[in-house]
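**Q** This is the structure I want to talk about, given as structure tokens.
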Amino acid sequence: MEFDVIIIGGGFAGLAAGVALAEAGKRVCLLEQKPYLGGRARSFQGPTTGSIVDNGQHLFMGCYHSTIQFLKTIGTLDRVRFQTTLSVPFLDRDGRLTHLNCPALPSPWHLFLGVLRSGSFSLKQKLEVLRMGKALRNGGAGFGPSDAESVTAWLSRRGQSEGLQRNFWDLICIAAMNEDPRAASAKLFERVVRLALFSAPEDSRLGMARVGLSECYTAAAQSFIESRGGRVQVGRGVNQLLIKEGACRGVDAGGERIVDLPVIAALPWHQLATVLPGELLRGEPFFGGALALRPAPIISINLWFDAPITDLEFAGLRGTTIQWLFDRSRILGDKSHYISLVLSGAREHVSRSKEELLAISLRELGEMLPAARKAKLLHSLVIKERFATFSPSPEADALRPPARTPIHGLFLAGDWTATGLPATIEGAVQSGYAAAREFLGMQ
Ligand SMILES: Cc1cc2nc3c(=O)[nH]c(=O)nc-3n(C[C@H](O)[C@H](O)[C@H](O)COP(=O)(O)OP(=O)(O)OC[C@H]3O[C@@H](n4cnc5c(N)ncnc54)[C@H](O)[C@@H]3O)c2cc1C
């Protein structure tokens, strides 16, 4: 079969690149080493419970414009349900429940009014949020973070109290950037806050897949590509890129060479090195940044009870080790009493044993939710994603390469490339689109 381009990697980035190129009339050969598509955003059927389990609960946002476009193109946007306006329940460790409900007003009034009406903040904290929001809109000398500043340092410099940081800004930072605010880049955080909270009110809405994450996009993207003359192969890893005299000439996939084709490498940063020839790794500074990016883990604790433990579909948790609670039975619409808990930016917890993580979760759930003390735990599944994302430290930005490489016919995609966003679905899709544009520009 004749192809126009090889794509390595079947996550959001590789599939978005493949769909964009198929739409432009190109015949795509996509190779994925795992026996399934989806990469770090996938689902599977739990062997004991039969429930559809995501490798970690993913949140979409209204500001994921490229992702929304991608899902629309492959016909699955209706599998993600978005809120009508931003609404977040917060559950404190002592069980106190408050809400941040933002009305349908133009930005920033949706957020300002939401915060003013919310029981989640003291009056002093509400005024701090308003001050921060006003400054974000107006800018002004010395407002913006410096290149080296952490989120905590910047928020403190902007007069945001420790309590407000802990109970609000830190939750946003850890959820959106998967990093401890003391280590995360304030520059990137500022961009995220502007995009997610201070653009249009529709952009602030949260979205959740109503089906398993894989079902949202993998099969639909594969058939989009294949119905336009392409081929998606799983269980077919690339061993090495074939690079000669400054040009990429194809790949070696399991001993078989696929030659005379340009390549989009949509691999995670830590796997790119495994396919690059050694002399390029040592001699071409362009690729050095990828090697210097550090990982940041996410832990998901999946629990099946014999009875419901909450009426909430999801909640941000405050004052606890676990950070988010999702009632998967409500989200998926089944009766399994299945709860998924998320612990992001989990570097200091990832070495804990699964038993220890389970004990912490059950203790904290019991403190917050009386029904959790009575319900019987039937089954549990702890998933540690040690390489969930790259760590968005202040140094990381300069290490992220663009889609176009100095090697002719080789392009990069992936959430870790220079998207200007943290490692998210939206970053991955944007990177795939950017690589596709660069490829088409080369033609
Ligand atoms: C637990 C968890 C929770 C998350 N929560 C959120 C969230 O709430 N919201 C959000 O927006 N984002 C979230 N993310 C981040 C999001 O999942 C990622 O940013 C996104 O999935 C990355 O997509 P990608 O295509 O860049 O990389 P990947 O999904 O890693 O895809 C790369 C693919 O390349 C394949 N591959 C590697 N080497 C080879 C080879 N040699 N040959 C062939 N194939 C190869 C891999 O198997 C993989 O399938 C979360 C991530 C995790 C892990």
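**Q** Equivalent ellipsoid semi-axes for segment 1-146, as square roots of 5 times the alpha carbon gyration tensor eigenvalues: give them largest first, rounded to whole Å.
**A** Details: eigenvalues 318, 105, 42 Å².
In descending order the semi-axes read 40, 23, 14 Å.
**Q** Could you calculate the contour length gain from LEU116 to ALA398, that is, 0.36 nm times the residue separation minus the distance between their Cα atoms, to one decimal place in nm? Each step should come with its number before you reach the end.
**A** Details: separation 282, 0.36 × 282 = 101.52 nm, distance 3.79 nm.
Net length gain for the segment: 97.7 nm.
**Q** So how strong a dipole does segment 84-204 carry about its Cα centre when Lys and Arg Cβ are +1 and Asp and Glu Cβ are -1, to the nearest 20 debye?
**A** Numbers: 15 positive and 12 negative charges, 83 e Å.
Charge dipole, segment 84-204, about its Cα centre: 400 debye, nearest 20.
**Q** Turning to a different aspect of this structure: For the chain, find the longest principal axis of its Cα atoms and tell me its angle to the long axis of helix 354-368, 0 to 90°, nearest 10.
**A** 40 degrees
**Q** Please report the antiparallel percentage of the DSSP beta bridges confined to the chain, to the nearest 5. Before the final figure, lay out each step's value.
**A** Details: 46 of 64 bridges.
Taking every DSSP beta bridge with both residues in the chain, the antiparallel ones total about 70 percent.
**Q** Could you check which residue among GLN165, GLN430, GLN45 shows the biggest mean-square fluctuation in a GNM of the chain with a 10 Å Cα cutoff?
**A** Largest GNM mean-square fluctuation: GLN45.
**Q** With the calculation restricted to Cα positions, what are the radius of gyration and Dmax of segment 377-418 in angstrom?
**A** For segment 377-418, the Cα radius of gyration and maximum Cα-Cα distance read 16.7, 56 Å.
**Q** Taking the Cα-to-Cβ direction at ASN239 and at LEU440 and moving 7 Å from each Cα, how far apart do the two end points lie in nm?
**A** Taking the simple label geometry, ASN239 and LEU440 are separated by 3.5 nm.
**Q** Turning to a different aspect of this structure: As I understand it, the dipole of the chain uses +1 on the Cβ of Lys and Arg and -1 on the Cβ of Asp and Glu, about the Cα centre. Which of SER156, THR424, TRP304 lies farthest toward its positive end?
**A** Of SER156, THR424, TRP304, it is SER156.
**Q** Check cross-link reach from LYS354 to the lysines: straight Cα distance under 21 Å, and skip same-chain residues fewer than eight apart.
**A** Hits, sequence-local ones excluded: LYS376, LYS384.
**Q** Here is a further query. How far apart, in nm, are two points set 7 Å out from the Cα along the Cα-to-Cβ line at HIS379 and at ALA24?
**A** 4.5 nm
**Q** Scaled to the compact-protein estimate 2.2 N^0.38 Å, what is the alpha-carbon radius of gyration of segment 1-75, rounded to two decimal places? Please list the in-between numbers first.
**A** Values: Rg = 14.6 Å, N = 75, 2.2 N^0.38 = 11.3 Å.
Here the answer is 1.29, to two decimals.
**Q** For segment 295-390, how big is the tail of P(r) above 20 Å, as a whole percent of Cα pairs?
**A** Numbers: 1446 of 4560 pairs.
Cα-Cα pairs of segment 295-390 separated by over 20 Å account for 32 percent.
**Q** Assuming R0 = 25 Å, can you tell me the calculated FRET efficiency for the pair GLU226 and ARG257, based on Cβ-Cβ distance, to the nearest 0.05? Could you put the intermediate results ahead of the total?
**A** Numbers: r = 23 Å, r/R0 = 0.90.
For R0 = 25 Å, the calculated efficiency reads 0.65.
**Q** Please list, by residue number, everything in segment 372-395 whose backbone N is under 13 Å from a paramagnetic label point 7 Å out along Cα→Cβ of ALA307.
**A** 372-377
**Q** So who's got an amide H within less than 5 Å of the one on ARG42, skipping anything under 5 residues away but keeping other chains? H placed 1.01 Å off N, in plane.
**A** So ARG42 has HN proximity to ASN55, GLY56.
**Q** Give me the 1.4 Å probe accessible area per residue for segment 84-204, excluding ligands and nucleic acids, in Å². Let's see the in-between values first.
**A** Values: 5250 Å² over 121 residues.
Normalised by residue count, the accessible surface of segment 84-204 is 43 Å².
**Q** Follow-up question, since we're still on this one. Convex hull over the alpha-carbon atoms of segment 54-135: what's its volume per residue in Å³? Walk me through the numbers on the way to the answer.
**A** Working: hull volume 11.8 nm³, N = 82.
Cα convex hull per residue, to the nearest whole number: 144 Å³.
**Q** While we're here: For segment 214-259, report the translational diffusion coefficient in µm²/s to the nearest whole number, using Stokes-Einstein at 10 °C, 1.306 mPa s, and a Kirkwood Rh over Cα pairs.
**A** Values: Rh = 12.4 Å.
Value of D from the Cα-based Kirkwood radius: 128 µm²/s.
**Q** Size of the chain along its principal axes in angstrom, Cα-based, largest extent first?
**A** So the three principal-axis extents are 64, 57, 40 Å.
**Q** A follow-up question, please. In a GNM of the chain with a 10 Å cut-off on Cα contacts, which of THR274, THR417, THR218 has the highest mean-square fluctuation?
**A** Looking only at THR274, THR417, THR218, the largest GNM fluctuation is found for THR274.
**Q** So, with +1 on the Cβ of K and R and -1 on the Cβ of D and E, and no other charges, what is the size of the charge dipole of the chain about its Cα centre, to the nearest 20 debye?
**A** Values: 49 positive and 42 negative charges, 157 e Å.
With Lys and Arg at +1 and Asp and Glu at -1, about 760 debye.
**Q** What percentage of the solvent-accessible surface of the chain, computed with a 1.4 Å probe over protein heavy atoms, is contributed by carbon and sulfur atoms? Let's see the in-between values first.
**A** On the way: 9390 of 18010 Å².
After summing per-atom areas, the C and S share lands at 52 percent.
**Q** How much accessible surface area, in Å² rounded to 10, belongs to the heavy atoms of GLU355 with a 1.4 Å probe?
**A** 130 Å²
**Q** Roughly how big is segment 295-390's charge dipole about its Cα centre, with Cβ charges of +1 (Lys, Arg) and -1 (Asp, Glu), in debye to the nearest 20?
**A** 140 debye
**Q** When all alpha-carbon pairs of segment 68-195 are counted, what percent fall beyond 17 Å?
**A** Numbers: 5175 of 8128 pairs.
Tail of the P(r) past 17 Å holds 64 percent of the pairs.
The values are calculated or read from the model by the stated rules, or taken from the named source; none is laboratory data. What you see is a predicted model; the values in this text were computed from it and never measured. With ideal geometry, Cβ positions are generated from the backbone for all residues, glycine too; neighbour counts draw on all protein chains shown. The accessibility values were calculated without ligands, DNA or RNA, using every heavy atom of the protein model including side chains. Shrake-Rupley method; radii C 1.70, N 1.55, O 1.52, S 1.80 Å.
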